[in-house]
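Working notes for the structure below.
Taken together, the values in this text are just the output of simple stated rules run on the coordinates, not laboratory data. As the structure is a prediction and not an experimental result, all values here were calculated from the model. Cβ: placed from backbone, ideal geometry, glycine included. Neighbour counts: every protein chain shown.
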Amino acid sequence: MIFWSMQKSEVWEEAKQLGYLEGKEQFAMYPEEYKWMMCQMSAKLGNYKGEYPIWVWIKKPDMRSTGHFRGGTKCVRLKIELDEKDVLVSDFERWHTVLNDSFCSDNEVEDEQFDNGKLSITKEESWQRIFELNRKVDKEWTGSGEWLQGVTGRIPLDRVISVEHFVTRKSWLD
C-alpha cells in the first residue's frame, strides 16, 4: 500500500546515510502521547520492534497548505510502499483526544454522560476508538474522519518510491 511521509530535509539526509528512516525521541512533539502510541504499536503490529514512530498519511499531503512545518523549512514529501500490516492507522482528528488528554466520545450525548460519571468506559479505554475507522459516530461532533494517519517503525530506504523537495511557505505555526 502507498503511504506518504513528510520529513525535514536534515532527517532525510541522515536517513540516506543510515539506510533507513526512523523516528527519534528528541523529535517527539508529545513525548507521553508518543509513548502511548508506541505501546499501541507493540500490541497491534506484529513486526514492530519498539522504534520511535514514523508518521505517515494515507492521502497525499498537499504541501501548499499550511501547518506541516514552520515557514521556510526545507523538507521532503516521501512516497513509500509499506505492507498494511506494518502500519497502525488512526483517525487524525480523533487522535487529538489523546493529545488533549480527553474522552473520545462518539457524540455530544455520550460526552455529557462521561462528564457526569454515567459511563463505565474510562478515558484511556475510549482512546482505542481512534483505531476503529468504521465506528458509527456523529461526524459533526467527531470530525469527518477524512484524514487518516498511520505510524510505523523503521522504514528501509528501498521502500521509498519517490522524494519531492520543498521549502514551506509561511504557516500558522510561525
Check: Dipole size in debye (nearest 20) for the chain around its Cα centre, Lys and Arg Cβ +1, Asp and Glu Cβ -1?
Finding: 780 debye
Item checked: region 1-43: C-alpha pair distances exceeding 17 Å, % -> 48 percent
Next item on the list: May I ask for the angle, rounded to the nearest 10°, between helix 31-44 and the longest principal axis of the chain, with both axes built from Cα atoms and the value confined to 0 to 90°?
Entry: 90 degrees
Checklist line | Amide hydrogen neighbours beyond the local backbone of Y52, cut-off 5 Å, H modeled | finding: G23
Item checked: Under 24 Å from K74, Cα to Cα: lysines that are on another chain or at least 8 residues apart -> K8, K16, K24, K59, K60, K170
Checklist line | Relative contact order of the chain, pairs being alpha-carbon contacts under 8 Å that are 6 or more residues apart, as % | finding: 39 percent
Next item on the list: Could you point to the residue in I121, M38, F3 farthest towards the positive end of region 2-167's charge dipole, with +1 and -1 charges on the Cβ of Lys/Arg and Asp/Glu respectively?
Entry: F3
Margin query: On the Cα set of the chain, report Rg and Dmax in Å, please.
Written below: 17.2, 54
Margin query: Pairs of alpha-carbon atoms within less than 8 angstrom and 6+ residues apart define the contacts here; what relative contact order does region 96-138 have, in percent?
Written below: 45 percent
